[in-house]
Amino acid sequence: MVRPLITPAELREVELFKGCSDEQLAFFAKGCADVRVGDGDWIVREEESPRFFVLLCGTAKILKMLGGRQTEIGSFGPGDGFGEVPLLLGSSAVAGIRASSAARLARADRTLFWRMLHQDDCFARGVLANMEHRVALVRQIAVETPPAICKIAGDSRSAACYELRDFLTRMHVPFDWDERDGRECEVSFVSGPSLRSPSVRELAERLGLSDVPRAEHYDVAIVGGGPAGLAAAVYGASEGLQTLLIERYAPGGQAGMSSRIENYLGFPTGISGEDLADRAFHQAQRFGADVVVVRDVRAIDGVEGSYRLTLDDGRHVLARSAILATGVEYRSLLADGCDDLLNRGVYYGAAQAESQAMGGRDVHVVGGGNSAGQAALNFASYARSVTILIRGADLNKDMSQYLVERVLQEPNVKVLTQIEVAAVAGGDRLERIQLRDKNGGTSWAESGGLFVFIGAVPRTQWLDVFVARDERGFILTGAEARAAAAWPLERNPYLLETSRPGVFAVGDARKGSIKRVAAAVGEGSTAIALVNTYLQELH
């Protein structure tokens, strides 16, 4: 007979099992795993699939992301059981558990946990008592945790205030908003002096959100933190590559501005672009990637196997390979007055920061793609009316069918076809827009917000002639890259490889990419596989 790694006698010493029968103890001991971890090792990470643990020896910390920071909210010692809350609620792990000393645990999967719960009343009572304690802890955290990291006082008509609120919203940093007249913004904090009219970079640095690369050399440097870049960071770090991701603003790219992505695999009820980007951002960090936000890459040069990236502060970073995931930006709306009212009623994209501010207003959305449809449905929950403006004859050309159907069914959403915005006007904020129909006739309409989703321009101007691009600026890869520029190697460029060996392009900035979040994630992960192949060639 094989002796189990964890014995019933050991479990009998644990308070949770003291009233259990010998049969049930033997059943649990046989079915659980004997897990050994070192000091600092993760036992379970926040948002991972849950399991039930019993800490037989050693200690552990309970860690939870609160206000964008990982915070210790409790601890476990020998004999403590944990993991029952997400298992009973059917959710992912609500907090992370990290060993604070060498530890040994009994780990039960979902099936074993539920069988013990149903078959042993003593075990069930102990688990439910633990759950009540954990719920009380969550209540205490909700009461004691400051509701906001900072407070912004300013005028909602101010473009500078909008940028600060948009950045904090996309970084999932809780903040309070105090509406005041005047163009100057003041940001106050729980402790320390206030900032007057800070830039996004200054605010990020004060909150500890903006960082610099911690090393001088990396295996792979990723430029751009949209879905493609984030996927590359996650897969690169998880496969043991020393990985750096540099994002010029906040993670998510254009997808980060989507109020709800409903056709992304694995999220049947949809997920916002902000939440998806935030999860990927923290996932990359947990695997060990260096993720730097509010930093821009101004240039890249070098030779095969040793590329140098120049940051906006003059700092240099070296990498053996690079992935360009710079994405695209919406094309400017050629209407009189747009530049004067930018971020004061006229917006490119649909930031969540402005959703509630549209309450009771008449909102206009320019564009007929999926992003425009998602934005219209989101604003419909707040605005008095939402009008989608397109130059084409109907929505079916560029919008997914499920979105077309939902848009047409929404009672306060209407679609105006074969029409464009000719001008915008207002005082401190947008007040009205001028529409031009296909025959050239014009009319004015009141508008509380104009959100623009028209076409895309790749963010590749900074590359100059470093890699081959097409006439619109999209990066060429694979066979197209070889045909457009001198290729120094005998082998052909890999699928996502640019005209520079070891430099890859993924996502919307790449010519021929499919403009879907899932496709971008796939390209990011594929690029890492190609990076691994390339790095092996260098040895």
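The values are calculated or read from the model by the stated rules, or taken from the named source; none is laboratory data. This is a predicted model, so every value here is computed, not measured. When we count neighbours, we look across all protein chains shown, and the Cβ atoms used for this are built from the backbone with ideal geometry, even at glycine. Only protein heavy atoms, including side chains, enter the accessible area calculation; ligands, DNA and RNA are left aside. Shrake-Rupley method; radii C 1.70, N 1.55, O 1.52, S 1.80 Å.
Suppose R0 equals 51 Å. What FRET efficiency, 1/(1 + (r/R0)^6) with r the Cβ-Cβ distance, do Glu490 and Asp181 give to the nearest 0.05? Don't skip to the end; give the middle numbers.
Working: r = 68 Å, r/R0 = 1.32.
Plugging the Cβ-Cβ distance into 1/(1 + (r/R0)^6) gives 0.15.
In the chain, what percent of the accessible surface is made up of carbon and sulfur (1.4 Å probe, ligands and nucleic acids excluded)?
Result for the chain: 48 percent of the exposed heavy-atom area is carbon or sulfur.
Work through the residues other than Leu105 whose Cβ is under 9 Å from its Cβ and net out their charges, Lys, Arg +1 and Asp, Glu -1.
So the environment of Leu105 carries a net charge of +2.
Report the local net charge at Asp155: Lys and Arg +1, Asp and Glu -1, summed over other residues whose C-beta lies under 10 Å from its C-beta.
+1
Find, among the GluC sites (Glu not before Pro) in region 30-101, those assigned to loop by DSSP (not H, G, I, E, B) with at most 16 other beta-carbon atoms within 10 angstrom. Before the final figure, lay out each step's value.
Numbers: sites: Glu46, Glu47, Glu48, Glu72, Glu84; in loops: Glu46, Glu47, Glu48.
Here the GluC sites (Glu not before Pro) that fit, given the DSSP loop and packing criteria, are Glu48.
Net charge near Ser21: determine it from the other residues with C-beta under 15 Å of the C-beta of Ser21, scoring Lys and Arg +1 and Asp and Glu -1.
Spelling it out: positives minus negatives among the neighbours equals +1.
Can you give the extra length, in nm with one decimal, that the chain gains between Val212 and Asp464 once fully stretched, where that is 0.36 nm per residue apart less the Cα-Cα distance?
Stretched out fully, the Val212 to Asp464 stretch lengthens by 88.3 nm.
Need one number: nm distance between label points at Thr71 and Ala425, each 7 Å from Cα along Cα→Cβ, rounded to one decimal.
Going by the 7 Å Cα→Cβ label model, 5.0 nm.
Rounded to the nearest 5, what is the percent of antiparallel bridges among the DSSP beta bridges in region 230-384? Could the numbers behind the result be given before it?
On the way: 11 of 15 bridges.
The antiparallel proportion sits near 75 percent.
Which value at 222 nm does the chain reach when only helices count, each DSSP H run of 4 or more adding -39,500 (n - 2.57), with the total divided by all residues and rounded to the nearest 500 deg cm²/dmol?
My calculation for the chain gives -8500 deg cm²/dmol from helical runs alone.
Relative contact order of region 1-132: what whole-number percent is it, with Cα pairs under 8 angstrom and at least 6 residues apart?
Result for region 1-132 is 33 percent.
I'd like the distance separating the alpha-carbon centroids of region 445-459 and region 336-413, in whole Å.
Cα centroid of region 445-459 versus Cα centroid of region 336-413: 9 Å apart.
Normalised by the number of residues in region 399-539, what is the relative contact order in percent for Cα pairs under 8 Å and 6+ residues apart?
About 12 percent, as a whole number.
Could you work out how far the C-alpha centroid of region 183-236 sits from that of region 247-319, in angstrom?
Region 183-236 and region 247-319 have Cα centres separated by 11 Å.
Please label the shape of region 392-459 as rounded, prolate or oblate, based on the square roots a ≥ b ≥ c of the eigenvalues of the alpha-carbon gyration tensor (a/c under 1.5 means rounded; beyond that, a/b larger than b/c means prolate, else oblate).
Since a/c reaches 1.5 and a/b is larger than b/c, the shape of region 392-459 is classed as prolate.
Pairs of Cα atoms under 8 Å, at least six residues apart: use those to get the relative contact order of the chain, whole percent.
Answer for the chain is 11 percent.
Could you tell me the distance between the Cα centroids of region 28-66 and region 479-539, to the nearest Å?
39
Give me the log10 of I(q) over I(0) for the chain at q = 0.06, 0.08, 0.10, 0.13 Å⁻¹, as the Debye formula computes it from C-alpha points; what are the numbers?
Taken in order of the listed q values, log10 I(q)/I(0) reads -0.37, -0.64, -0.95, -1.30.
Among DSSP beta bridges lying fully in the chain, give the percent that are antiparallel, nearest 5.
Approximately 60 percent, going by the DSSP bridge assignments.
Might you tell me the accessible area per residue for the chain, computed with a 1.4 Å probe and given in Å²?
With the other protein chains kept in place, the chain gives 46 Å² per residue.
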